[in-house]
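Worksheet: the structure to be examined is printed underneath.
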Amino acid sequence: MTRTNDFEPHAWPCGWGEVEDLVTAPSSRPERLEAWVYERLTGSVRLCLGLVGVGLLACLSVATQLEPDPRGFGTHERLGLAPCQFRTLFGRPCATCGMTTAFAWMVRLEPDRAWAANPAGATLAVLAAPVALWMLILAVVGRSWPVRSLAPTLPMLVLGLVAWTILVWIARLLAF
């Protein structure tokens, strides 16, 4: 029997038999059957997803304990971190200036103040909880749901967020 995909066969939870039998069986619509086959995640990938998910939730938890700096940046200094060296050297905000403040405002349900502190940080704060939940579900389930493979999905998510952060930074530099 020739397999039509790279996934290992597994039993359907509803007792339909093996996925391999369904995918390789003659059918007028094999793409519909194949759409339900998700990539099996390795133990190391599951561990990484779980750690990142817990890390995102930890960031949100820490943000609930921080009082946002009224300047719109510098909240990270309340964690004992140094002031932004980019701002000190060049007198302009770095790409992450205001992100901690944006998180602190967003967990207080103040999206307008979070957006004013750093639009990219506000976006990340909004995405942090659902992405963390998704990663924890993937770590527990061991399948790349609802996408067939994490290989293109996670890098595109990260690249999109980095690109958004850079675009926001450029806009802030031009408006400064």
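Observations on the model:
- Segment 29-160 - Rg and Dmax from Cα coordinates, angstrom: 18.1, 62
- For segment 59-176, size of Cβ-based charge dipole, Lys and Arg +1, Asp and Glu -1, in debye: 220 debye
- q = 0.14, 0.18, 0.24 Å⁻¹, segment 106-176: log10 I(q)/I(0) [Debye, one scatterer per Cα]: -0.56, -0.80, -1.06
- Residue order for 69, 112, fewest other beta carbons within 10 angstrom first, comes to 112, 69.
- Per-peptide average of other Cβ atoms within 10 Å, ordering 91-103, 153-165, 56-68 highest first: 91-103, 56-68, 153-165
None of the figures in this text is laboratory data; all of them are computed from the coordinates on show. Just so it is clear, the model here is predicted, and its values are computed rather than measured. FYI the Cβ positions are ideal-geometry reconstructions off the backbone, even for glycines, and counts take in every protein chain you see.
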